[in-house]
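The values are calculated or read from the model by the stated rules, or taken from the named source; none is laboratory data. As the structure is a computational prediction, the values presented were derived from the model and not from experiment. Note that we place each Cβ from the backbone using ideal geometry, even for glycine, and neighbour counts take in every protein chain shown.
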Amino acid sequence: MTRSIIDPVTRIEGHLRIEMEVTNGKVSDAWVSGGCFRGMELVVENRTPEDAVHIVQRICGVCPVSHAQAATIAAEKSYGIEIPNNARILRNILEGAQFLHSHILWFYNLAALDYVNPLNALKADVADAYALAQEAGTSINSDFGLLQARLKRFAENGQLSIFSGNWFESEEGTAYALPPELDLICTSHYIEALSMQARSSEIAGLVGGKMPHVMTCRPGGVAFVPTQQNLGDLWAMVNEVYDWVSTTMVPDTLALAPFYEDALTWGKGCGRYAAWGVFDRDDFDMHNRYLPAGVTDENLNVSDVVESKITEYMGHSWYEGEETHASPYFVTEPEFTGYYQGGTDTVNDRYTWVKAPAYDGKCMETGGLARLLVAYKRKVPFVVEHVDNFLKALGVPGKIEVAQSTLGRTAIRQIETLYVATLMKEWVAELIEAIKGGDSEYFRAPQSNTGAGTGFWEAPRGALYHSEKVENGKIKGYQIIIPSTWNLAPRDAQGIHGPLEQSLIGIPVGDVEMPINALRTVHSYDPCTACAVHVSEPATGKKFQTVTSPWGVK
Amino acid sequence: MEREAIVSEFYEKLDSRGVTRRDFMKLCGAVAAAAGIAHITATDVAYALEQSVIGAKEGNLYPVIWMEGASCTGCTESFAQIETPDPATVVLELISLNYSETLGAGAGWSFEEAREQTIAAGNYIFIYEGAVLEKWEGQALRVANEPGIEHVTHTAAKANAVVALGSCAVNGGWMAAYPNPAGAIGVQQCLKKHGIETPVVNVPGCPANPEWLEAVLVDVLFLQQLPDLNAEGKPSLLFTQTIHDNCQRRGHFENGEFVYQFGTREEALGYCLYPLGCRGPQTKANCGITRWNNRRSWCVESGGPCIGCTTANPANSNENWVETNTPFLKRHRDLRVGDFRLSPTTIALSVTGLLAAALVIHGFGMKITGRMNGGADFEKVRKWDKRHPDRSIGCYDLSDEECAALEAEAGVAAPAKPVGRTTAAKTGTGTATKTGTTGTTGTRTRAKTAGQDGADAAKKADEESKGGKA
């Protein structure tokens, strides 16, 4: 029995520590620790909902659009606004652009380095690489020979740059299993992906002024009135990204999968999934979104989302108290009490800045897998068709449960990427039709400045919840529960592990120094730790007097 | 081998006896496991014997450590949007990015080892993104089981220079806004407190524009110098002029053509966003020139008033951009003294307020006195406009028929009548909007439905424009 620790976990957003007990080559216990506290909800207190939209985006530089949207929806619910149809379409495009950006970056530039060794591509036979790419049906946009020469120049210089401290030699050199030709292909797509995620962001930059941190999403609609030039740019960029995604991402995933098949057999989390839904249709029903809202039980039976079933517990986190608080009455006081080496103090074992949210008393996994499982069970045609085809191609037709694994979670997000890329084309067409039909409304001014509302939405990495109470145009209580808060949760009041902790338990560790399978599993969640850590104030003022933090929250 | 950062003679000896490093590591692990020794011992053994994890310590690439403090990763994300050179070229052919939490292949102890070896090898640039957090003795940010502050000071001490990238790194950014719950400060403040004298280049922005970082890197890599810095330690070429100085809507400001409300005709016409709280006049950055996302657009072009995200006094985290500029949509900010808050509606406050007041005199004041009516200074009608009635600037109240007549007169082929370009508003009072002309080409601009406020503002603007003409 020994301890294996990854700290810092890299190629994620934020600061994360993974500590594992390893027994007989397998993880027997795990502690997931979020390392940073910033206090967003306290900063937006007493500011306007319009300001909050700008400020809360800064929680995350990878998914700022989602935070802006959730904050905007919360404000619109508070003000009683239903946004114009053009604003709905443009916000879908804005969000879709961010999803594409985030998923492309995550798969190729963050997660892929757990599977692909670019340095091994030096050994590739270039002609074989072309043949293999054709056989795998994946895109050939780059000159493999030139790329290999470029890598050779890099290697000859000797400085490792972003490959410093790599784990390519993990498990005695057996952890990275791709043939050099596939490494070369995937390295070419790594570099293309950097351009493609930038192009996707450029779409968000066009509609939002800049990305990260967009400027035009605001309560009431959008502050962006597209010109004909804008429409042409949108149309062209959306098509360009679609073409690359559709010819590259799913084929690459299918080419990689056979070399890492065992990762289909471990990494399942808590087995319950939550999705708040994303991309509104014109009925603005969250359960009818393009990716619909829903919550599943262990048998993947889907039910509608009920806000009052959301609770939070922080008995294992660095906050005072051990009560469980129900939505939207969260109360928190941060208080660092030292990192307890997991298991040394089972009574007062606080080890993370992340709290433990629950739905109906149980922890939930969120993210691309959750969204697609809900969409699959709600019979969204595109998702059903492509998931079925994908399972068939993996050699496990009809076995949706296989998706509940490290590789399944990693792979299924490419289907979502393809779905979003397809929808982007539809939305641009829809926008053009709407404008052609004479609709020139993009914004509705609020008629009230007092109220309360919740924005249920999805960030690329899962279910996102913003809730606020507004009095005379000023925020009196703001709460955020972010996807990774769900996924990276510590143990709950009953001592049951959080979703990622459950995923880690049971995975094989062939190298306690470089536990690559643990890293793969963490990355399959696409964690966003900076977001995950948050602090809340009571929305209702019910427990107002009890919150007397040293820095003067009142 | 002499170029390796850390050369282990021990390994060479092992090697000469036919024992590979991998065999040895395996042995270490086996011994540790058999003896039931905690992982730390095994790690310590490995630490002592590990070869270089950064490869050569010198070469064609400039070593860079890019650390994320209390960040949102937005500045790294922003860097990933850079186009010329693209990020792959930067990390393969310009810098050796030995430590980057977002892009680095390594993780855990070997990743931290890469940082240590880079520091030991020296001659590197340290880019720090995100705020420094002081709360709970720095435990508000924990990395590799240590407070984040330790990482900053340790890494900065031996660096050639520190780039504080983004407003959070410059002075705490939004995290430092009231009540500053995590004790956020900027890098310069932190280093000063710890007596570290490494020069700091402050590159504010939320996020920082990747071209700004590139400009700094070009100075260091190509010109082998640090950029010329202004009094706030920011590159003076980038952060001396205001957004307003280079704003593409500046002409509308001079003409007194403003957007008073979102969802109005003025917004669709691309008028100046000043009345909506645009912080362009008091915000120093060259966004209008550099632009964003492959130069595709920028905040003001898209329709978002500037929120002053580069406002960051590196010596005072209270003067962060959120505290200084909220409420973003208003021209005047709340006054906060401790827990006491005042929301002024008419009085101008602080330097920001005074500057705003000065601009009101410049912009609105001139409009009121009639000096800027229709866009001309000191003239009722510009001479050029008089000679070119078909292409004159500043006529915004022509009917469709008048437009067509002018276009026909000027020999401009009138475009096909747009379908449904005027629409009854879905909210508000259902005011029908007008089609107008703008610019010198006489092109029709699509009008936009307006809410009550917007319609009023448009009406007001029309009346003023008519009054001035008369």
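Before moving on, here are some points about what is shown:
- Qualifying helices (runs of 4 or more DSSP H) (wholly inside the range A:120-184; at least 1 residues being among the polar types (S, T, N, Q) and within 13 Å of chain B (Cβ to nearest Cβ)): A:144-157, A:170-173
- Which listed residue, of B:Arg265, B:Arg249, B:Arg279, is under 18 Å from the mean Cα position of the chain (by Cα), in contact (Cβ under 8 Å) with a residue 40 or more places away in the chain and in the same structural domain as B:Gly303 (by TED's automatic domain parsing): B:Arg279
- The residues of the range A:126-184 that are polar (S, T, N, Q), touching a residue at least 60 places away in the same chain (Cβ under 8 Å) and farther than 20 Å from A:Asp252 by Cβ, listed by number, are A:Ser170, A:Thr174.
- If the condition is being modelled with pLDDT of 95 or more and buried (at least 24 other Cβ atoms within 10 Å of the Cβ), then the range B:315-327 contributes B:Ser317, B:Asn320, B:Trp321, B:Val322.
- Criterion (in a loop (DSSP other than H, G, I, E, B) and under 24 Å from A:Gly209 (Cα atoms)) met by exactly one of B:Pro207, B:Pro181, B:Pro227: B:Pro207
- Hits in the range B:289-300 (condition: assigned to a helix (DSSP H, G or I) and either without any contact (Cβ under 8 Å) to a residue 12 or more places away in the chain or more than 7 Å from chain A (Cβ to nearest Cβ) (or both)): B:Ile289, B:Thr290, B:Val300
- Within the range A:1-116, helices (runs of 4 or more DSSP H) holding 3 or more residues that are among the charged types (D, E, K, R): A:85-104
- Of A:Ala74, A:Ala68, A:Ala87, all but one fail to be buried (at least 24 other Cβ atoms within 10 Å of the Cβ), of a type in the set (Gly, Ala, Ser) and over 22 Å from the mean Cα position of the chain (by Cα); the exception is A:Ala87.
- Scanning the range B:305-321 for residues that are within 22 Å of B:Phe262 (Cα to Cα) and touching a Lys or Arg at 6+ places or on another chain (Cβ under 8 Å) yields a count of 4.
- Under the condition of being at the interface with another protein chain (Cβ under 8 Å from one of its Cβ atoms), within 30 Å of A:Lys474 (Cβ to Cβ) and touching a strand residue (DSSP E or B) at 6+ places or on another chain (Cβ under 6 Å), the residues counted in the range A:15-44 number 3.
- For B:Ala144, the conditions (1) surrounded by 24 or more Cβ atoms within 10 Å (Cβ to Cβ); (2) touching a residue at least 12 places away in the same chain (Cβ under 8 Å); (3) facing chain A (nearest Cβ under 9 Å) all hold with the exception of (1).
- Residue match in the range A:215-231 (condition: buried (at least 20 other Cβ atoms within 10 Å of the Cβ), within 30 Å of B:Glu58 (Cβ to Cβ), at the interface with chain B (Cβ under 7 Å from one of its Cβ atoms) and touching a residue at least 12 places away in the same chain (Cβ under 8 Å)): no
- Taken as a whole, the range B:117-128 holds at least one residue that is touching a Gly at 6+ places or on another chain (Cβ under 7 Å), of a type outside the set (Lys, Arg), within 28 Å of A:Glu335 (Cβ to Cβ) and crowded, with 24+ Cβ neighbours inside 10 Å.
- For the range B:159-174, the set of residues classified as surrounded by fewer than 24 Cβ atoms within 10 Å (Cβ to Cβ) and under 17 Å from B:Gln189 (Cα atoms) consists of B:Ala161 only.
- Filter result (in a strand (DSSP E or B) and crowded, with 24+ Cβ neighbours inside 10 Å) within the range A:434-454: A:Phe443
- Test for A:Ile203: is it in a helix (DSSP H, G or I), within 30 Å of B:Ile289 (Cα to Cα), more than 8 Å from chain B (Cβ to nearest Cβ) and among the β-branched types (Val, Ile, Thr): yes
- Considering residues of the range A:478-533 that are in contact with a His (Cβ under 6 Å, 6 or more places away or on another chain) and of a type outside the set (A, V, I, L, M) only, the residue farthest from A:Ile59 (Cα to Cα): A:Arg491
- Test for B:Gln248: is it closer than 30 Å to B:Ala315 by Cα and modelled with pLDDT of 95 or more: no
- Taken over the range B:74-88, the criterion of being at pLDDT 95 or above and among the β-branched types (Val, Ile, Thr) is satisfied by B:Thr76 alone.
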